[in-house]
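The values are calculated or read from the model by the stated rules, or taken from the named source; none is laboratory data. Everything quoted here is computed from the prediction, not taken from an experiment. All Cβ positions, even for glycine, are placed from backbone atoms using ideal geometry, and neighbour counts span all protein chains on display. Calculation scope for accessible area: heavy atoms of the full protein, side chains included, ligands and nucleic acids excluded. Shrake-Rupley method; radii C 1.70, N 1.55, O 1.52, S 1.80 Å.
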Amino acid sequence: MDHKNPMAHDVFGISWLDFNLSNVLMMLVASVIVFILAVAASKNLQRKPTGFQNFMEWIVEFVKDIIGNTMDYETGRRFMGLGLTLLLYIFVSNLLGVITMVTFDHYLWWKSPTSDPGITLTLATMVVVLTHYYGVKMKGTKEYASDFFKPLPFLFPLKIIEEFANTLTLGLRLYGNIYAGEILLTLLAGLVASGTVAGLVGGFIPMVAWQGFSIFIGAIQAFIFTMLTMVYMSHKVSNDH
């Protein structure tokens, strides 16, 4: 773990504006992969789907079920695009660092973008902001604001704290799971790279096994993030919450 993050400091001459170039690169890579998947799935659509179109339609149905289990689907159908995008983007992002991690001149360039707390907390903040936006849009400002004082007015401070807690837990849960997985993969890879027989035997097999398990964890975390997004959205837009 003796690597550093490639940083661009004082961007546009602004003293506090710094960018982690690895994060920028990996977010772009993840976005391009999701875009390619979406284009490939929607190209040459067939009435009887086969192959990749069939797989993508299964994912769409999966997201539809997530929405339907958290709110009335007639209310939640407008969030299909959001849920599908989050699920695919987070899953792809989670896998990028599982496949490999690339360092150049002691700078880590290739990793999972979701192994950085800045990215996961930004995604969580975006989700929470969207829940407030749609809450106001679908209920109106007055009715939406009154929900913060229900069922009892003195609970208002706790509901404000809950909004911050939701943001932190949503972002840090994703970050913690992916970052911990990358740490262990790095340690196992270092053991294999030692070149000793004990290192090869004791590192290679566990590393392959952990990569497989990390794929499972990446899928579960993408599902949890998407599901909680819809739960939070349901709390804001549904009248029965």
Worksheet item: When the helix-only estimate is applied to the chain (DSSP H runs of n ≥ 4, each -39,500 (n - 2.57), divided by the residue count), what is the mean residue ellipticity at 222 nm, nearest 500 deg cm²/dmol?
Response: -25000 deg cm²/dmol
Worksheet entry | the chain - percent of accessible surface contributed by carbon and sulfur, probe 1.4 Å | 69 percent
Worksheet item: Restricting to lysine pairs 8 or more places apart or on different chains, what number in the chain have Cα atoms under 14 Å apart?
Response: 8
Item to complete: Write down the accessible area per residue of region 70-169 in Å², having rolled a 1.4 Å probe over the full set of protein chains.
Response: 54 Å²
Worksheet item: Which of the trypsin sites (Lys or Arg not before Pro) across region 1-90 are loop residues per DSSP, with 16 or fewer other Cβ within 10 Å?
Response: 43, 47
Fill in: Relative packing of peptides 149-160, 166-177, 21-32 - highest average C-beta neighbours within 10 Å first
166-177, 21-32, 149-160
Item to complete: Note down the net charge around residue 156, summing +1 for each Lys or Arg and -1 for each Asp or Glu among other residues with Cβ under 12 Å from its Cβ.
Response: -1
